[in-house]
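The values are calculated or read from the model by the stated rules, or taken from the named source; none is laboratory data. Everything numeric in this text was worked out from a predicted model, so none of it was measured. All Cβ positions, even for glycine, are placed from backbone atoms using ideal geometry, and neighbour counts span all protein chains on display. For the accessible areas, the whole protein counts, side chains as well, though only heavy atoms, and no ligand, DNA or RNA atoms are used. Shrake-Rupley method; radii C 1.70, N 1.55, O 1.52, S 1.80 Å.
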Amino acid sequence: MKYLVLPVVLLMLLGACSHKAGEADIHKGETEKQTVWTGKAEFLVEYDEPRKGRKTDFMVYITALKDFKPPEAGVLTLTFTPDGGEPLTIKLDAPVRPGMFVTEVPFRKQGKYTLKVAYAGQAFSDEIRIDNISVMGDTGKEEEEHHGHSAKAAIAFSKEQQWMVDFRTESPARRPLSSSFISPGELVTVSDREVTLSAPLAGILSVSRSLPHVGKKVAAGDVVAVIDPPVYQQGGIGQLTSAYAEAKNRHSLALKESERAKRLYEAKAVAKRRVDEADLALDSAKAALDPLEQAMNTMKGKTSDRGITVKSPLSGTVVEVFASNGKAVEVGQALVKIINTSTLRLKANIPATETGRLGKLREATFTVAGMDGSFKPVRLVAINDIVDAKTRTVAAIFDVDNRKGLLKAGMFADVSIKTGSEKEGLTLPEEAVLEDEGKFFVFVQTEGVSFERREIKTGIRGGGLVEVTEGLKEGERVVTKGAYYVRLASQSSKAPQGDGHGH
């Protein structure tokens, strides 16, 4: 409830704002409004009913479309040109408050006028033209004709209210769109680009070669650690050498005994059983020798005068260090972990209800919190055949090119999965579309401070956009940021169109 109170109080305070000293009261009679949008700004011009021989109050509100905030300073020039007469020019050197210019215009001639409004500021300069401003005579005979229209009820949301909150309007645009859905995802390492280096033999991590620190880049073949022989032989290079020599001798003796048994059997001096026993002994000796011989071959090139060297089999970054120099290590003890993140895997957790659409998968993009823009995977690697029992999701795995190193393993992502064929449609950002009891609606800006609630029908949703199939036309301006505040205003004050202050 506390989150709702603050915006309501804000709207009440803004709605109760009053003119500052020196501003004209423009509410003496009928108030005319003209709102013009350019590529740079929105101009809202408000004025009393112009009459010959009287001073008419004019107010101009300027909103920069870049950020929908009022310019702090600038010069405004108003040029009124009557049909067949000399123009009247009024120059205002500064706004009475940010974004608001106020003046009085003395019309000496009745008839039709053209108004040119020119603004010059530091951020931008712009101008607009308003035709057919009618200046009446001083007798009031034209009043019945002039007041032949009635004010249409609208939602009042003043300029001060718009400028204070995060607010924006824009026109619906035709964009290519395809159906899509958003799934949570995570960036993980590729299994064959991750390695944990372990001690091949027992020993002491040499202080002559410091272990790499976390974050250090290493190349394939770089020496990561040096292991000095241990004080005791258990598990060290000495024990390996001794065990290898002993196994080799046993194998050599078994081989000679096998050859001798075969000669005796050929001379009919022993039974066949003696040959079989010798062959079994030879096989057993060979089985004991082979792993030791493989270990010795592995150690070739790893030993030096300083000890046993441990090299990285791949290029990458050290992400974990499990040991320290000068400490004893056992056979198989982990030393460092190295990963290569030039390629990452994106694991997207697809809801089980959406798996039927994956057969039409066209494209996937993803965003990461705190990083600008979106990223596109290189390819789809696989889709799991098993639904996770806890999350009711299916994992879809994508390859991600990360040669620039912008992404980190372990980051979470929002993955947009596009399915179906692409088509062009009239679209709005998703945050512009509100829902009430199953019906969708937007707030359309009918003029600078007046809005109306408009029910629409929607189509495809995807990529943060919603297709509008009915209810809007191109060129109409829709509230795309701050619709929540306009909704509050609609619930608190639905009244005929007011001025820029919303009185």
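Placing dummy labels 7 Å off each Cα toward the beta-carbon, the span from residue 372 to residue 386 is 4.3 nm. Heavy atoms of the protein chains alone define the surface here; on that basis the range 168-210 has 45 Å² accessible area per residue at 1.4 Å probe size. On a per residue basis, the range 335-432 carries 56 Å² of accessible surface, using protein heavy atoms and a 1.4 Å probe.
Each residue, residue 324 and residue 437, gets one label point 7 Å from its Cα in the Cβ direction; the gap between the two is 7.0 nm.
Estimated at 0.36 nm per residue, the fully extended path between residue 491 and residue 259 surpasses their Cα-Cα distance by 73.1 nm. Full extension of the chain between residue 104 and residue 343 yields a length gain of 79.3 nm, computed as 0.36 nm times the residue separation minus the alpha carbon distance. For each pair in 69/112; 390/418; 311/408; 91/112; 311/404, compute the distance between the two Cα atoms and list the pairs where it is over 31 Å. Check vs 31 Å cut-off fails for 69/112. Protection proxy ranking for 44-56, 422-434, 256-268, using the average of other Cβ atoms within 10 Å per residue and placing the highest first: 44-56, 422-434, 256-268.
Eigen-decomposition of the gyration tensor built on the alpha-carbon atoms of the range 391-484 gives equivalent ellipsoid semi-axes of 34, 16, 14 angstrom, largest listed first. If R0 equals 41 Å, the separation of the Cβ atoms of residue 188 and residue 290 corresponds to a calculated FRET efficiency of about 0.65.
Each residue, residue 174 and residue 248, gets one label point 7 Å from its Cα in the Cβ direction; the gap between the two is 8.3 nm. Just report the Cα centroid separation between the range 162-229 and the range 365-437, whole Å. Distance between centres, Cα-based: 18 Å.
Put simply, when 83-95, 176-188 are sorted by average Cβ atoms within 10 angstrom per residue, most first, you get 176-188, 83-95. Split the accessible area of the range 352-396 by element, probe 1.4 Å, and carbon with sulfur accounts for 50%.
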